[in-house]
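Step one of this worksheet: look at the structure below.
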Amino acid sequence: MSDQAATLFLLGATHHTASLELREKLALAGAKLEDLHRALQSLAGLREFAVLNTCNRVEIYGVATTPDTVDRLQASFCAMNQMEPALFEKIRLNLRGHPTVQHLLEVAAGVDSQMIGETEILGQVKAAYAAAQARGTTGPVLNRVFQKSFQAAKHVRTHTAIGEGQISVASVAVDLALKIFGNLQPCHVLILGAGDIGEKTARAFKSRGAGRLTVASRRLQHAQEIAGSLAAQAVPFERVADTLSEFDIAVCSTAAPEPVVTPAMAISAMRRRAARPLFFIDLAMPRNIAPEVAHLANVFLYNLDDLAKIAAENLALREAEIHRVRALLADKAAALWQQVEPRIGGNHTAE
């Protein structure tokens, strides 16, 4: 196959077709993301690539120069995740050419999200692109497509109301807590995980009047920095099991590849809570809280799919904008594809 037959592609899976359990199986947690990068860098026929790995999607964007490149990539990806190829093919997203461009623009703009209009995804797409650039795995095609996707996302957020209400995982999590408790002032809230989502969630709780806030992380210094800026407390990650009973709400968003809150931890905490309920909100992928915890008396567990349902209840406010945004992005994707298509067939200097 000559470079004239090279193709821009997308291979992956998202919340549209994959259940929470399957997304969890495909999530590139821990060393898996590094392992995938190494495998892709040694894959013959893959000229450029970037990996977008979030709570609701694992997507590999690339330029393939042989007919079987994507098939071999899929085989490697399935083997790494111990998933039968036949199952993956039922849930996969497999795009070529112009639809790949259209999809990335919609992802970056937040209209392909589980929570339509959410704000975190653009930062995640930028981070994925920056990581690929740092590894030297992007070139003239992906550079142009990703950079233009950022411009398109900014344009639709400026010229439409798709982001009305500042929808985000953090804001929906706090809205849920407010619905449950009515008033957050008496509540003691634990934020387990001091990454970007954890910090945003901590700030959202503080802005909505949470009375006591505690941040825990394996990176204690980072937890202390966030806590210090919010007049909150910071505790070492190792103390969470012993102090869990002190909290009314626990929000988990660590990058751990396995649950950090086990049934045994929850049982122990509830024994010390004298029938007072404990609410868990799991914002992580893979999940941070063992699903079995939900079966305990007076324990209530909400995950990302639950939050998406809550966000959907408010979707009517933005629904009229979705068609407008998709039309705007379709025009931009068509123009961008005309720019990109000639670059795919040849070897150009990276931009």
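The values are calculated or read from the model by the stated rules, or taken from the named source; none is laboratory data. Being a predicted model, the structure only gives us computed values, none of them experimental. Here the Cβ is made from the backbone with ideal geometry for all residues, glycine too, and neighbour counts use every protein chain on show.
Got a sec? Which of Arg239, Arg203, Arg276 is loosely packed, with under 14 Cβ neighbours inside 10 Å and in a helix (DSSP H, G or I)? Being loosely packed, with under 14 Cβ neighbours inside 10 Å and in a helix (DSSP H, G or I) holds for just one of Arg239, Arg203, Arg276, which is Arg239.
Can you work out which of the residues in the range 75-86 that are free of Cβ contacts under 8 Å to residues at least 40 places away in the same chain and hydrophobic (A, V, I, L, M, F, W, C) is farthest from Pro257 (Cα to Cα)? Of everything passing the filter in the range 75-86, Ala86 is farthest from Pro257 (Cα to Cα).
Looking at Leu307, is it touching a strand residue (DSSP E or B) at 6+ places or on another chain (Cβ under 9 Å), in a helix (DSSP H, G or I) and either at pLDDT below 90 or not assigned by TED's automatic domain parsing to the domain that holds Arg47 (or both)? The answer is yes for Leu307. Contact map, the range 105-128: residues that are under 12 Å from Ile167 (Cα atoms) and in contact (Cβ under 8 Å) with a residue 24 or more places away in the chain paired with residues that are outside any helix (DSSP H, G or I) and of a type outside the set (Gly, Ala, Ser), Cβ distance under 6 Å, separation 6+ or inter-chain. Pairs shown: Gly110/Glu118; Gln114/His15; Gln114/Asn56; Met115/Ile167; Ile116/Leu315; Gly117/Ile162; Gly117/Ile167; Glu118/Ile167. Restricting the range 206-215 to residues that are touching a Leu at 6+ places or on another chain (Cβ under 7 Å) and in a strand (DSSP E or B), the residue that is nearest to Pro236 (Cα to Cα) is Thr214.
Checking each residue in the range 25-36 for being more than 18 Å from the chain's Cα centre (by Cα) and either crowded, with 16+ Cβ neighbours inside 10 Å or under 18 Å from Gln124 (Cα atoms) (or both) picks out no residue at all. Going through (1) of a type in the set (Gly, Ala, Ser); (2) over 21 Å from the mean Cα position of the chain (by Cα); (3) over 23 Å from His16 (Cβ atoms) one by one, Ala255 falls short only on (2). Kindly indicate whether Thr137 is of a type in the set (Ser, Thr, Tyr), over 20 Å from the mean Cα position of the chain (by Cα), at pLDDT 95 or above and assigned by TED's automatic domain parsing to the domain that holds Thr65. So Thr137 passes the test. One residue alone among Thr66, Thr7, Thr100 is crowded, with 16+ Cβ neighbours inside 10 Å and out of contact with any strand residue (DSSP E or B) (no Cβ under 6 Å at 6 or more places or on another chain), and that residue is Thr66. Counting only residues that are out of contact with any Ser or Thr (no Cβ under 9 Å at 6 or more places or on another chain) and modelled with pLDDT under 80, the range 319-349 holds 6 of them.
For the range 11-24, a residue qualifies if it is in a helix (DSSP H, G or I) and either surrounded by 13 or more Cβ atoms within 10 Å (Cβ to Cβ) or of a type in the set (Lys, Arg) (or both), and the qualifying residues are Leu20, Leu22, Arg23, Glu24. The set of residues in the range 250-273 being assigned to a strand (DSSP E or B) and aliphatic (A, V, I, L, M) consists of Ala250, Val251, Val261. Condition test on Val58, is it surrounded by 21 or more Cβ atoms within 10 Å (Cβ to Cβ), in a helix (DSSP H, G or I), among the β-branched types (Val, Ile, Thr) and within 22 Å of the chain's Cα centre (by Cα)? Criteria not met by Val58.
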